[in-house]
């Protein structure tokens, strides 16, 4: 493959995949420590009904209404989970299971019943995206990176993902201190006057934004995998919060790059002609990384309290 | 009972609460489901004293503290601190939760936890300056943990964890310290160290209120006691509160021999 | 058409699938109760997603061996193997690392599903794979089902249901009180294994009908809905089975009436409708009943506190308390206590003093455990006991 081919076909998907992985892994670190790892699972399922409803309301397949719809659905699901948990005194995991399966089922049924199924909205796309299709037709070579006209031809998904990733990074940095305190010791955080509830809702909202933007480009498998696997693997590498976030970012980037390359070139190396799903491969690579961390990570076992004063 | 005393005053609530106590609780009821854990408790803790909240298991001691601090939502009741609504006085209150209430596997070092006590000063983005670090180290030194600053919190013993929590509260530089079972599951050396620190705070004129489960040590450790068993039984100097009648009212027939020895 | 479907009038295959789905629903609902009570409901989500690589690998293996890749029992076997592997990974990650079960579940479900999708694209790249229709396993489909497939689903549903019936007793014992069950000689590990095995069986049998993504709903929603109706394990199991069975039956039947009505989502939405009704209306833990109880309880607390405050001459601060006292004519609009108010306050005061006394007397220990600050003592003690108690009670102020 020449440089020109690479820039045209692979550069943009690679960058989008990497950005999506980072945007999901960052809030994933806090969700993991709060034992809300599966919120990412729930959010990425309810994105489907969100975009279907947005399509039915707006009548077109356009990014902005769909992202709004998906974001709204994510927030609705979080509110529903919380309401069911409190009102029915139901264990959070089960409440989550009730809400996201029902909303996903509703989304599928709406999709099948409406005209939406005819206009390249389909469940497969929702589940594993279509990273490979995000090619840069104007990317004639490395020179295109400094060519304004060519740059204007970049897929819009790239810009959206970049903006959302930047926002996620900035928000994480801005609320870092408060988030760490509220995650470690919620009761103490309340006595400091920290808005504990707003913080945890904000965290979920950021996770939802990351999920929705990433979903648009890469589908929901990557989203779930990146929320959980890189932070979980990082958790087995270090005992420092900053270190954990750094490791998880590194793992996320590694999964995205290695997964994309393996999906695109792996089958060719094996003598096959067609590539396999990049989204699926990225998730698989993140799982392999987690497996290695679980086997060899220096902090794979808990510390456990020592005896004595 | 006079007619005047039974007349209710019409002004807004906060003007009527002239109680200047560091922590004044009025008519506090907290309920899990349909059984009150704490019922209609009135109590004002005395400034500059060490008060133990004492009562049998399930008497609502921790619940009272958490509801007073807004960690739990009460069914009814008002709480004021230093004569003002609690939310305005957060900076003057330090809370030491039960050690078991957090996950000690959390990725943090001892110094990171103590620095959490400085949050109100630092805010979201305030730079950590040498004087902040010095205060955190000083707080650690007061509980005898200065050598553990960079240790992972998961590596600490129970007693050491409790001291770190106390150091975090000390770093807050508060006037009122509320502790939930500070001696639960700690070694004797830690217990002595903690009580010395608390007495030091009291001698500086600060107020200490601690949930305490060991009747035998109340007289030695505390100035005052508040006996609670769902409803308030009595509050006052230890000797006046820990009478046989009061203890019976709090503990019923369940008073063991060790506790009766008080 | 709908009526025909619900009365099993749409032909032999549709009837088989509908009955199979109903039996599967009963088995899933009953099995799910044990998972839910053990707080491990979402483990089934990992099981569901982890079947995908197995289904596709099963297809590939059968093609390589020269057979028809779509042979359902073969695909089910593949699903069972990979879901079992997924379960092993969840328990290995939870036991051997510091990660909690939720993280292990999320990691396994996303990674296995991702690997499944990779294999799926491999199949799509093969000539024989184009027409495989493996995508229908994602969301389930009953349209165009072969007779042999319908038969294996009905047989699978019946087999899982039979297993649940056989294993119900030890599972109820363990769900109710694991320690006691262990004392009775129940093998906890064995029951745990049976529970997971049943969840796995439900998933594998349900794959074709409900699909990989939604099968978890059949294991979670019926138990959660049933829990709202009762506090007793036996009743919850029966109810959950009923909810699951109705959902499977209705969902499969309705889906047979039109080609663009996917089975899985219909079953799940029927489940959810039953859940929503239960959440609102169930008398034990339903929202309406609980809300009413809380509303009454809060008023009782405020009224009692108000009366005690009146009796001891303290001012009443809380607006709600004041409102309640006024509305009952216990306090006048200007805040002065009425005659009736004074009488009620005195009664509350006496009751409170009696309680105080009672709690300090060893002979009333049983009664004192019922102290909650609210119940009048006359509801707790017999008149004779009250008289005995009053003998201890001195004049006011000497408690």
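Any idea which of C:95, C:41, C:80 is closer than 14 Å to residue C:201 by Cα and either assigned to a helix (DSSP H, G or I) or within 31 Å of the chain's Cα centre (by Cα) (or both)?
After ruling out the rest, the residue left standing is C:80.
Find the residue count for segment C:265-293, including only residues that are surrounded by 19 or more Cβ atoms within 10 Å (Cβ to Cβ) and modelled with pLDDT under 90.
Looking only at that region, the number is 3.
Quick check on my filter: what residues within segment B:111-164 are away from chain A (no Cβ under 11 Å) and touching a strand residue (DSSP E or B) at 6+ places or on another chain (Cβ under 8 Å)?
Once the filter is applied, which keeps residues that are away from chain A (no Cβ under 11 Å) and touching a strand residue (DSSP E or B) at 6+ places or on another chain (Cβ under 8 Å), segment B:111-164 yields only B:149.
From B:188, B:225, which residue is within 10 Å of chain A (Cβ to nearest Cβ) and over 22 Å from residue B:92 (Cβ atoms)?
B:188
Pull up segment A:62-71, narrow it to residues that are surrounded by fewer than 24 Cβ atoms within 10 Å (Cβ to Cβ) and touching a helix residue (DSSP H, G or I) at 6+ places or on another chain (Cβ under 6 Å), then point me to the one that is nearest to the other protein chains (Cβ to nearest Cβ).
A:69
Residues being buried (at least 24 other Cβ atoms within 10 Å of the Cβ) and within 7 Å of another protein chain (Cβ to nearest Cβ): count how many of those fall in segment C:294-308.
Residues in segment C:294-308 being buried (at least 24 other Cβ atoms within 10 Å of the Cβ) and within 7 Å of another protein chain (Cβ to nearest Cβ): 3 in total.
So, residue C:291, is that one more than 23 Å from residue B:77 (Cβ to Cβ) and out of contact with any strand residue (DSSP E or B) (no Cβ under 9 Å at 6 or more places or on another chain) or not?
No, not satisfied.
Regarding residue A:273, is this residue within 23 Å of residue A:11 (Cα to Cα), within 12 Å of chain C (Cβ to nearest Cβ) and at pLDDT 95 or above?
no
Within segment C:40-52, does at least one residue satisfy the condition of being surrounded by fewer than 24 Cβ atoms within 10 Å (Cβ to Cβ) and within 13 Å of chain A (Cβ to nearest Cβ)?
For segment C:40-52, residues surrounded by fewer than 24 Cβ atoms within 10 Å (Cβ to Cβ) and within 13 Å of chain A (Cβ to nearest Cβ): present.
Residue check, residue C:347 against (1) crowded, with 20+ Cβ neighbours inside 10 Å; (2) out of contact with any strand residue (DSSP E or B) (no Cβ under 9 Å at 6 or more places or on another chain); (3) not assigned by TED's automatic domain parsing to the domain that holds residue C:224, all met but one. Which one?
All conditions are met except number (1).
Counting only residues that are under 26 Å from residue B:20 (Cα atoms), give me the helices (runs of 4 or more DSSP H) lying completely in segment B:159-262 with at least 2 of them.
B:188-203, B:218-221, B:238-241
Going through C:162, C:175 one at a time, which residue ends up being part of a helix (DSSP H, G or I) and either surrounded by 22 or more Cβ atoms within 10 Å (Cβ to Cβ) or in contact (Cβ under 8 Å) with a residue 24 or more places away in the chain (or both)?
After ruling out the rest, the residue left standing is C:175.
Looking only at segment A:135-152, decide whether some residue is buried (at least 22 other Cβ atoms within 10 Å of the Cβ) and more than 30 Å from residue A:4 (Cβ to Cβ).
No - not one qualifying residue is present in segment A:135-152.
May I ask you to say which residue of C:249, C:317 is assigned by TED's automatic domain parsing to the domain that holds residue C:33 and either modelled with pLDDT of 90 or more or at negative phi (or both)?
C:249
Would it be correct to say that residue A:221 is within 20 Å of residue A:169 (Cβ to Cβ), surrounded by 20 or more Cβ atoms within 10 Å (Cβ to Cβ) and within 12 Å of chain C (Cβ to nearest Cβ)?
The answer is no for residue A:221.
Going by the conditions given, is residue A:90 surrounded by 19 or more Cβ atoms within 10 Å (Cβ to Cβ) and either more than 10 Å from every other protein chain (Cβ to nearest Cβ) or in contact (Cβ under 8 Å) with a residue 60 or more places away in the chain (or both)?
no
Suppose we filter C:326, C:354, C:349, C:344 for residues that are modelled with pLDDT of 80 or more, out of contact with any helix residue (DSSP H, G or I) (no Cβ under 6 Å at 6 or more places or on another chain), in a helix (DSSP H, G or I) and more than 7 Å from chain B (Cβ to nearest Cβ); which single one remains?
The conditions single out C:326.
For residue C:95, which of the numbered conditions (1) more than 23 Å from residue A:42 (Cα to Cα); (2) within 12 Å of chain A (Cβ to nearest Cβ); (3) crowded, with 24+ Cβ neighbours inside 10 Å fails to hold?
(3)
What about residue B:69, is it within 11 Å of chain A (Cβ to nearest Cβ), crowded, with 23+ Cβ neighbours inside 10 Å and closer than 21 Å to residue B:182 by Cβ?
For residue B:69, the condition - within 11 Å of chain A (Cβ to nearest Cβ), crowded, with 23+ Cβ neighbours inside 10 Å and closer than 21 Å to residue B:182 by Cβ - is not met.
Scan segment C:142-156 and tell me whether some residue there is in a helix (DSSP H, G or I) and under 22 Å from the mean Cα position of the chain (by Cα).
Looking through segment C:142-156, none of the residues is in a helix (DSSP H, G or I) and under 22 Å from the mean Cα position of the chain (by Cα).
Within segment C:120-143, identify whether any single residue is facing chain A (nearest Cβ under 8 Å), in contact with a helix residue (DSSP H, G or I) (Cβ under 6 Å, 6 or more places away or on another chain) and at pLDDT 80 or above, and answer yes or no.
yes
Could you tell me whether residue B:167 is modelled with pLDDT of 95 or more and either touching a helix residue (DSSP H, G or I) at 6+ places or on another chain (Cβ under 8 Å) or within 30 Å of residue A:302 (Cβ to Cβ) (or both)?
Yes: the conditions hold for residue B:167.
Quick one: which of C:164, C:172 is at pLDDT 85 or above and in contact with a helix residue (DSSP H, G or I) (Cβ under 6 Å, 6 or more places away or on another chain)?
The unique qualifying residue is C:164.
In segment C:362-385, which residues are in a loop (DSSP other than H, G, I, E, B) and farther than 14 Å from residue B:248 by Cα?
C:370, C:371, C:372, C:373, C:374, C:375, C:376, C:380, C:381, C:382
The values are calculated or read from the model by the stated rules, or taken from the named source; none is laboratory data. Here the structure is a predicted model, which is why all the values come from computation and not from measurement. Every residue, glycine as well, gets a Cβ built from its backbone with ideal geometry; the counts of neighbours run over all protein chains shown.
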